[in-house]
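Let me begin by presenting the structure, written as structure tokens, before commenting on it.
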Amino acid sequence: MIKRLSLTKILRMTLLLFVLLLLYIFPNSNEYIETKQVNASSYYHDIYLIDKKGYVSKTNISVSSIEKEKLAKDLILSLTVNSKNKNKIPEGFASTIPKKTNVQKIRIDNESITISFSSDIKNSKSKSKMIESIVYTLTSINNIKKVYLMIDNKEDPFFEKEYTRSIGINKQYDITSMHNLLPVTIYYVSKENDLKYYIPVTKIINSKDDKIKVIIDELSSKSSYESNLMSYLNYETKLINYTIEENDLNLYFDNSILSSSGENKLLEEVIYSISYSIMDSIEVSNIHFFVNGEEI
């Protein structure tokens, strides 16, 4: 009995020494993991820059914080020509706010953001593209829907009183009358080197159809293949039906929307083109794709 207890004690001591040795060799592994997570705490966020074709385009850059005011300041700095954030701008893209423009104030109130610039902002060579890039970039921040732009901390006739995404972006007009005007923003795919990005185009057309149907028709129309705006949506694609349940949109297609490789999947470019376009048009949180009655 005594020998058995002694043997058990020896085994316990041996195990304890082994554990202590492991702790010595690999000290505090949890602390290492936390430090690694902190050091890797960089984020990416949408920004709208000018591409080589002259379109205000949706891409993304690294940002240091997702706290709204800090994020807004970081994004505006990146939109400013020759700022200290110039190395964040992807190759082939350009900022829109004139160089030396300073941000004097940023204030966020619920769904609105107010920014005051120095008067250097009036040196813009393309005021409309600059405003589009600012408004679309700032409204990509979670829950921000209205943008107020000031100069020297006061309203200035250089800017309108209030901006939302209803101003449109890269606007194109295809109308035959002033009746039944429908603005709808379509996101097309483009590529710069190995980087795929999206070009939003607000088309003003004559139509009595609802926006969801117009979006699918525009993305699948043959005319998109004949321009420098690309859509990966098969031109035979037809939207069979759709339903909205609370904030979820269900889209129903036949198999013509699937990739041409014969695999039972949707191309990433198709998903994003449709989703970005619809979310710019109606208030939905989630979009579900169904093919022949089954969710993809």
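The values are calculated or read from the model by the stated rules, or taken from the named source; none is laboratory data. Quick caveat: nothing in here was measured; it's all calculated off a predicted structure. No Cβ is skipped: glycine too gets one built from the backbone with ideal geometry, and neighbour counts run over all protein chains shown.
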Report task. Determine if segment 178-185 includes at least one residue that is closer than 24 Å to Glu111 by Cβ, touching a Phe, Trp or Tyr at 6+ places or on another chain (Cβ under 7 Å), of a type outside the set (Lys, Arg) and surrounded by 11 or more Cβ atoms within 10 Å (Cβ to Cβ). Result -> no
Report task. Give me the pairs, please: first residue somewhere in segment 82-101 and under 16 Å from Ser126 (Cα atoms), second residue anywhere and aromatic (Phe, Trp, Tyr), beta-carbon distance under 9 Å, and either six or more positions apart or on two chains. Result -> Phe93/Tyr197; Thr96/Tyr48; Ile97/Phe117; Thr101/Phe117
Query - Candidates Ile89, Ile115, Ile106 - the one that is over 24 Å from Lys196 (Cβ atoms) and either crowded, with 18+ Cβ neighbours inside 10 Å or under 20 Å from the mean Cα position of the chain (by Cα) (or both) - result: Ile115
Query raised in the report: Are any residues in segment 109-144 among the basic types (Lys, Arg) and under 20 Å from Asp280 (Cβ atoms), and if so, which ones?
Result: Lys129
Query raised in the report: Out of all the residues in segment 131-146, is one or more in a strand (DSSP E or B) and crowded, with 20+ Cβ neighbours inside 10 Å?
Result: no
Query raised in the report: With Glu91, Glu160 as the choices, which residue is touching an Asp or Glu at 6+ places or on another chain (Cβ under 9 Å) and acidic (Asp, Glu)?
Result: Glu91
Report summary line: Note on segment 23-62: residues modelled with pLDDT under 95 and among the aliphatic types (A, V, I, L, M) are Leu23, Ile25, Ile33, Val38, Ala40
Query - When residues of segment 62-79 are limited to those that are closer than 17 Å to Thr114 by Cα and of a type outside the set (A, V, I, L, M, F, W, C), the one surrounded by the most Cβ atoms within 10 Å (Cβ to Cβ) - result: Asp74
Query raised in the report: When you go through (1) assigned to a strand (DSSP E or B); (2) more than 22 Å from Asp46 (Cβ to Cβ) one by one for Asp209, which number turns out not to apply?
Result: (1)
Query raised in the report: Just a yes or no: is a residue in segment 233-254 modelled with pLDDT under 90, buried (at least 17 other Cβ atoms within 10 Å of the Cβ) and among the β-branched types (Val, Ile, Thr)?
Result: yes
Report summary line: Filtering segment 147-161 down to residues that are in a loop (DSSP other than H, G, I, E, B) and either touching a helix residue (DSSP H, G or I) at 6+ places or on another chain (Cβ under 7 Å) or in contact (Cβ under 8 Å) with a residue 40 or more places away in the chain (or both) yields Asp152, Asn153, Phe158
